[in-house]
1. Of all residues in the range 49-90, how many are part of a helix (DSSP H, G or I) and not charged (D, E, K, R)?
2. Take the residues of the range 69-83 that are surrounded by 18 or more Cβ atoms within 10 Å (Cβ to Cβ) and aliphatic (A, V, I, L, M): which is nearest to A7 (Cα to Cα)?
3. How many residues does the range 150-173 hold that are surrounded by fewer than 18 Cβ atoms within 10 Å (Cβ to Cβ) and either in contact with a Cys (Cβ under 9 Å, 6 or more places away or on another chain) or hydrophobic (A, V, I, L, M, F, W, C) (or both)?
4. Among the residues of the range 143-185, which ones are over 17 Å from K64 (Cα atoms) and near the ligand (Cβ under 9 Å from one of its atoms)?
5. Given the structure, is G205 of a type in the set (G, A, S) and either part of a helix (DSSP H, G or I) or surrounded by 18 or more Cβ atoms within 10 Å (Cβ to Cβ) (or both)?
6. Conditions: (1) without any contact (Cβ under 8 Å) to a residue 40 or more places away in the chain; (2) under 18 Å from V168 (Cβ atoms); (3) small (G, A, S). G53 meets all but one. Number of the miss?
7. Would you check which residues across the range 91-112 are surrounded by fewer than 20 Cβ atoms within 10 Å (Cβ to Cβ), in a loop (DSSP other than H, G, I, E, B) and in contact with a Gly (Cβ under 6 Å, 6 or more places away or on another chain) and list them?
Amino acid sequence: MSDANKALRLVLLGAPASGKGTQGQTLAAEFGIPKISTGDMLRAARDAGSELGKLADGIMSAGKLVPDDLVIRLVDERLAEPDAQRGFILDGFPRTVPQAEALDRLLAERGAGLNAAIDIRTPRELLIERATLRRTDVRTGQIYHLKYNPPPDSAELVHRDDDREETVLKRLDAYDTMTAALVPYYEGKNLLRHVDGVGSPSEVGQRIRRALTELTGVTSGGSARLEVSRGGANES
Ligand code: AP5
């Protein structure tokens, strides 16, 4: 295997609040590669008051999707950074078929395509509960949940604007209308595994690791070898 083939280049799919960020954070630390979240990048642009941030703010608060060309440009720039040459985990991108096609082109130009896509499947009622009770520590970026993963007293918590129930429902609809089409897109490329998102974060994480091992054979790089047997249950 060449070095490029040993790197994990993963897309995490799943409806809002299915656990992409939670799982992506853990996997990124294990594999020593960046988690690239377009949602986080857009929120950072909004907080910085940039033109992109101002435009994205209203769209995100309405539970809609930011135009493809803007997020594609953000991802193109981010993938060019040195840390992404070791591999990456994309969280919340792509979200439309044109974004997925653009990603394929960007990666083909760099000579190292995706090697895995994981679809985290979670029932709608649970998604609403996970989103509305989510809180994030602004200082560390750590994701908490008031019921399932309570924050420590020291955390400086924010409640995302778009995590109010009426907006969550719109985001779920946007997922069904625009993003669910990526499931057949990646199935057609033999890159996709479905993983049950119900259970504790560590249970879901184990399912993802098994699926990744089956799909790629890639182990968490360098010092942290992924300790997962190859005989795990098939999640698809
Ligand atoms: P984005 O930030 O990407 O939001 P999202 O996809 O809706 O996903 P979330 O961040 O809501 O959830 P998650 O799956 O990461 O779940 P998490 O791990 O936090 O996008 C926001 C907006 O930006 C979009 O609506 C759009 O406007 C715009 N945007 C972003 N990317 C775009 C793109 N590519 N194109 C166009 N527009 C774009 O978990 C949720 C909660 O559940 C947490 O509280 C967590 O602690 C808890 N939890 C997680 N796992 C478990 C578990 N197993 N058991 C119990 N609780 C759990």
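1. Residues that pass the stated criteria total 17.
2. Of the residues in the range 69-83, the ones surrounded by 18 or more Cβ atoms within 10 Å (Cβ to Cβ) are 71-72, 74-75, 78-79.
Filter once more, keeping what is aliphatic (A, V, I, L, M): 71-72, 74-75, 79.
Numbers: V71: 23, I72: 22, L74: 22, V75: 18, L79: 14 Å.
Out of the qualifying residues, it is L79.
3. Selection size over the range 150-173: 4.
4. I143, Y144, H145, L146, K147, Y148, N149
5. Working: of a type in the set (G, A, S): yes; either part of a helix (DSSP H, G or I) or surrounded by 18 or more Cβ atoms within 10 Å (Cβ to Cβ) (or both): yes.
For G205, the condition - of a type in the set (G, A, S) and either part of a helix (DSSP H, G or I) or surrounded by 18 or more Cβ atoms within 10 Å (Cβ to Cβ) (or both) - is met.
6. Condition not satisfied by G53: (2).
7. Residues satisfying the conditions do not exist here.
One line per residue, one yes/no per condition, for (1) β-branched (V, I, T); (2) out of contact with any helix residue (DSSP H, G or I) (no Cβ under 6 Å at 6 or more places or on another chain); (3) over 27 Å from F31 (Cα atoms):
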residue	(1), (2), (3)
F93	no, no, no
P98	no, no, yes
D104	no, yes, no
I120	yes, yes, no
P150	no, yes, no
T177	yes, yes, yes
N190	no, yes, no
V195	yes, no, no
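The values are calculated or read from the model by the stated rules, or taken from the named source; none is laboratory data. As the structure is a prediction and not an experimental result, all values here were calculated from the model. Reconstructed Cβ throughout: ideal geometry from the backbone, glycine too, with neighbour counts over all protein chains shown.
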